[in-house]
Amino acid sequence: MTADAATGTRPRRIVLVLPTETYRAADFIAAAAEVGVEVVVATEHRPPLATEMESRLVVVDLDRPEEAAARIAAMGDRAPIDAVVGVDDQGVLTAAHAGEILGLAHNPPDAVAATRDKAQMRGVLASWGVRQPDFRVLVPGADVAEAAAAVSCPCVLKPLSLSASTGVIRADTPADAVVVAERIRRILADHGRSPDEALLIERFVPGAEVSLEALLHDGDLQVLALFDKPDPLDGPYFEETIYVTPSRLGGPEQTAVLAAAAEACRALGLRDGPVHAELRVGPGADGEVAAWVLEVAARSIGGLCSRVLRFGTGISLEQLIVEHAVGRDVADSVRTDGAAGVMMLPIPRSGVLTGVDGLDAARGVAGVTGVEITATIGRRIDALPDGGRYLGFVFARGDTPDSVESALRRAHSELTVAIVDEPRSVDGRTPA
Ligand SMILES: Nc1ncnc2c1ncn2[C@@H]1O[C@H](COP(=O)(O)OP(=O)(O)O)[C@@H](O)[C@H]1O
Ligand SMILES: [Mg+2]
């Protein structure tokens, strides 16, 4: 029986779990409208003037996913809910719990919880023998230098629960690792988290890094896009910049990546909906091509990056996710439009953003389809490893991945970003 038959003529109704910080609310809401489903928004704060949409809004605390899920499920008593779609890292666990309560297709909450905690994820992948960096969990008081020596240097230290490379730092020696661990603890405190949280320390995996967008159908992985990350990601900080698809990796490398990602999803127990995985690929110990799983998330790509992807007759990634969530068959959807890429604009240093020049010139670069500055002029922005937000995004399309990459680089070179130190002077003047 099709979803249409199952639901009769009643319009399908989905809940979008939208964290306050998400970049993606507008794209998901537009996608739902495009697909023709009714939307209920579950979010952390009541927007001003929200009264007229009271029945379409539920305020939830995404730091308490089970409680949030119960509130969402309770809305289903009033009018049926056909799907719950979690957006971004902060939304996925609530969506999984709500899907479970409502008896909808969903990822097991335990599986999603494991993806939200880097130590848990490593533990699960290790127990299934999935290839990943050697790692140790650093509980408070652990001997960091000893752990660094155990995984071998260079190594990477990271918090368990932040994202967008916030607090992810390479260390080249055990002594260096001790200093880095202290620095990450300060970054955790700045992000309102306990500086005594455990950290992860891993062997640094050299090699090309890729990012995979996929959709799980009852455990089967449908590849939507494989992105190369052509900028070297050697540290000490790991700034996300250029993503280009299709990948220019060779066949064996791509096969290794897809196999490792599918294995990781199986190990974690993810079954349904979008997956975003990051892997490195290169020669393994035996000289054969091997892929190492850095991370798997039960969501689609973050920021505004998905805007470069179009499927089938021109539908967006968000539409595909919503269609899948309400039970429509999207298994044959493939990416169209040749090569595509996005550059997450790096924040060159921390301070107050006072302006971005050269936008018209950047938009005029052949192949560039859009430039969006998402940081707010006049507000403080933090460079890595302290901050995890983006200055903005450049989008490009072209015949080949090479032409897309060079369009992104040319557009970036047209931009001048003005950042000043935070005003401290007593006379109120902003230092230049
Ligand atoms: N073990 C590792 N070896 C090499 N690079 C790594 C390793 N761990 C993380 N990185 C780099 O840091 C980036 C961010 O790390 P990740 O674990 O994905 O955390 P986040 O949740 O912040 O994205 C990765 O995309 C990769 O470039
Ligand atoms: Mg990552």
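When we screen Arg299, Arg266, Arg280 for residues that are touching a residue at least 12 places away in the same chain (Cβ under 8 Å), within 15 Å of ligand 2 (Cβ to nearest atom) and not in a loop (DSSP other than H, G, I, E, B), the only hit is Arg280. Here Ala366, Ala383 are screened, and the one residue that is in the same structural domain as Pro401 (by TED's automatic domain parsing), touching a Pro at 6+ places or on another chain (Cβ under 9 Å), farther than 15 Å from Thr416 by Cα and not polar (S, T, N, Q) is Ala383. Could you go through segment 117-134 and let me know if any residue there is modelled with pLDDT under 95 and not in a helix (DSSP H, G or I). No, every residue in segment 117-134 fails to be modelled with pLDDT under 95 and not in a helix (DSSP H, G or I). Looking across segment 175-204, the residues that are in contact (Cβ under 8 Å) with a residue 24 or more places away in the chain and farther than 22 Å from Pro133 by Cβ come down to Asp190, His191, Arg193, Asp196.
Of the helices (runs of 4 or more DSSP H) lying entirely inside segment 8-112, those containing at least 2 residues that are in contact with a His (Cβ under 8 Å, 6 or more places away or on another chain) and not assigned by TED's automatic domain parsing to the domain that holds Ile373 are 65-78, 88-102.
A single member of Ala148, Ala119, Ala126 is aliphatic (A, V, I, L, M), within 15 Å of ligand 1 (Cβ to nearest atom), buried (at least 24 other Cβ atoms within 10 Å of the Cβ) and not assigned by TED's automatic domain parsing to the domain that holds Ala69, and it is Ala148.
Only one of the numbered conditions (1) on the phi < 0 side of the Ramachandran plot; (2) more than 16 Å from ligand 2 (Cβ to nearest atom); (3) of a type outside the set (Phe, Trp, Tyr) is not met by Lys118, and that is (2). Taking the listed residues Leu212, Leu200, Leu221, the one that is touching a helix residue (DSSP H, G or I) at 6+ places or on another chain (Cβ under 7 Å), part of a strand (DSSP E or B), of a type in the set (A, V, I, L, M) and more than 15 Å from ligand 1 (Cβ to nearest atom) is Leu221, with no other qualifying.
Scanning segment 158-180 for residues that are out of contact with any Phe, Trp or Tyr (no Cβ under 8 Å at 6 or more places or on another chain) and away from ligand 2 (no atom under 14 Å from the Cβ) yields Ala171, Asp172, Thr173, Pro174, Ala175, Asp176, Ala177, Val178, Val179, Val180. Suppose we filter segment 160-188 for residues that are assigned to a loop (DSSP other than H, G, I, E, B) and away from ligand 1 (no atom under 15 Å from the Cβ); how many remain? So the answer is 1.
Out of Tyr243, Tyr237, one residue alone is within 16 Å of ligand 2 (Cβ to nearest atom) and within 30 Å of Arg328 (Cβ to Cβ). It is Tyr243.
The values are calculated or read from the model by the stated rules, or taken from the named source; none is laboratory data. Because the structure is a prediction, the values reported are computed rather than measured. FYI the Cβ positions are ideal-geometry reconstructions off the backbone, even for glycines, and counts take in every protein chain you see.
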